[in-house]
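Structure first, commentary second.
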Amino acid sequence: MAAYYTLLRGVAKSQTTQSCLFLHTTRGYFTSISTNINTKTLPIPHFEARSLASDANCISLFDRMIEGHHRKYYILGGKGGVGKKSCAASLAVKFANYGHPTIVVSTDPANSLSDSFDQDLTGGTLVRIQGLDSPLFGLEINPEKTKEDFRYASQNNGGVKDFMDSMGLGMVDEQLGELKLAELLDTPPPGLDEAIAISKVMQFVDSPEYSMFTRIVFDTAPMGHTLGLLSLPDFMDASIGKVMKMKKKIASETSAIKSVFGKEQPSLVEGPTDKLEQLRERMAKVRDLFRDSETTEFVIVTIPTVMTVKESSRLHASLRKENVPVKRLIVNQILPSSTTDCKFCSMKRKDQIRALDMIRSDPELGS
Ligand SMILES: Nc1ncnc2c1ncn2[C@@H]1O[C@H](COP(=O)(O)OP(=O)(O)OP(=O)(O)O)[C@@H](O)[C@H]1O
């Protein structure tokens, strides 16, 4: 752990970066951050920050990430398998070692944050990561499970329809039908599960007992999901907004009926729609979080291959379109320098150099 800590401190203190950041394993081998924290006998990943730009006078981008005591959210995203989880775990350790009480959360359906730390983080509550002096807590959320919330709310909407049918409010029923909520739940839009998972985390980290945490690091699902997630809150706003209008309408119709019959009708519409409204509010919070440049930063993780760089460029374009703040790019898995490359390594190195050049000249990623 000491060695790892020193390396990370060394990175932040000695390296300067201007545009992009590289995480570089000099051993070309990186399996579990946790085993590296807990034992000194296993290979220690040597992360080294390098800059695409050579200006040595600017402040390290790593340093900027640890600056300040107000809460910051870092959301790591990128193509599948590029090392999002490893980088999220690594950043979280760095923040904690610099004195930031930190939470690292994985909402990726292919969770393995537990493997990274060699601890079970799947229990639904924050687990303290062992082997560090500073408070670092981890949590893996299975988005599949959280989707049940939405399913519940929607399924119960059937009760609303039955109720309205029995009241002869066909017109309202038809309008509710137009929302196709049941269909929506059967085939949820991409990103829904993850947005719900993130919103759940937001819910508890916003509560006073967690106010001490100043860094929250999210490892998100691969790119397609991330992009779906970005447009989701607007979609939710629109569809659930309609439900809420319906709810008001139903409420007024119901009170008219009540006055005609002179008795209380059971409140069948309140539960599910309230739940949907809560969900809508939470989705809106996730959307706002993603777009708040004061507190949030989306960090694109990529690897130096032509195809991945192209995909990262598209991801950046989409994030820019959605006004999601992106300041840093992590290029993971760069081959360590060596004077004795085999043929394969030397070819791979050439490919990597080509990909890095692409990043420099890419209109999206170059800056
Ligand atoms: N710098 C590195 N050097 C060597 N191996 C690495 C490095 N970074 C990540 N790996 C390995 O690559 C694999 C994928 O890494 P990781 O799980 O962090 O990626 P991910 O982007 O989160 O994946 P997914 O999209 O599938 O969730 C893991 O086995 C990890 O140990």
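The values are calculated or read from the model by the stated rules, or taken from the named source; none is laboratory data. Please read all numbers here as calculations on a predicted model, not as lab measurements. Cβ coordinates were reconstructed from backbone atoms using ideal geometry, including for glycine residues, and neighbour counts include every protein chain displayed. Heavy atoms of the whole protein, side chains included, go into the accessibility calculation; ligands, DNA and RNA do not. Shrake-Rupley method; radii C 1.70, N 1.55, O 1.52, S 1.80 Å.
Scanning the range 211-236 for residues that are away from the ligand (no atom under 16 Å from the Cβ), at pLDDT 65 or above and buried (at least 16 other Cβ atoms within 10 Å of the Cβ) yields Phe213, Thr214, Arg215, Ile216.
Selection of the range 293-323 for residues being among the hydrophobic types (A, V, I, L, M, F, W, C) and open to solvent by less than 10 Å² (accessible area, probe 1.4 Å) yields Phe298, Val299, Ile300, Val301, Val309, Leu315, Leu319. Of all residues in the range 283-305, those that are assigned to a strand (DSSP E or B) have Cβ atoms under 6 Å from Cβ atoms of residues that are surrounded by fewer than 22 Cβ atoms within 10 Å (Cβ to Cβ) and among the charged types (D, E, K, R), 6 or more apart or on another chain, in Glu297/Lys327; Val299/Arg328.
Tell me yes or no: at least one residue of the range 325-346 is hydrophobic (A, V, I, L, M, F, W, C), at pLDDT 95 or above, open to solvent by less than 30 Å² (accessible area, probe 1.4 Å) and not in a strand (DSSP E or B). The answer is no, given that none of the residues of the range 325-346 is hydrophobic (A, V, I, L, M, F, W, C), at pLDDT 95 or above, open to solvent by less than 30 Å² (accessible area, probe 1.4 Å) and not in a strand (DSSP E or B). Applying the condition of being polar (S, T, N, Q) and assigned to a loop (DSSP other than H, G, I, E, B) to the range 106-133 and asking which residue is nearest to the ligand (Cβ to nearest atom) yields Ser112. Any residue at all in the range 40-61 that's farther than 14 Å from Asn332 by Cβ, at pLDDT 50 or above and either open to solvent by less than 30 Å² (accessible area, probe 1.4 Å) or within 12 Å of the ligand (Cβ to nearest atom) (or both)? Yes, because at least one residue in the range 40-61 is farther than 14 Å from Asn332 by Cβ, at pLDDT 50 or above and either open to solvent by less than 30 Å² (accessible area, probe 1.4 Å) or within 12 Å of the ligand (Cβ to nearest atom) (or both). Of the residues making up the range 77-105, those that are more than 8 Å from the ligand (Cβ to nearest atom) and either hydroxyl-bearing (Ser, Thr, Tyr) or under 19 Å from Val324 (Cβ atoms) (or both) are Gly77, Ser90, Leu91, Tyr98, Thr102, Val105.
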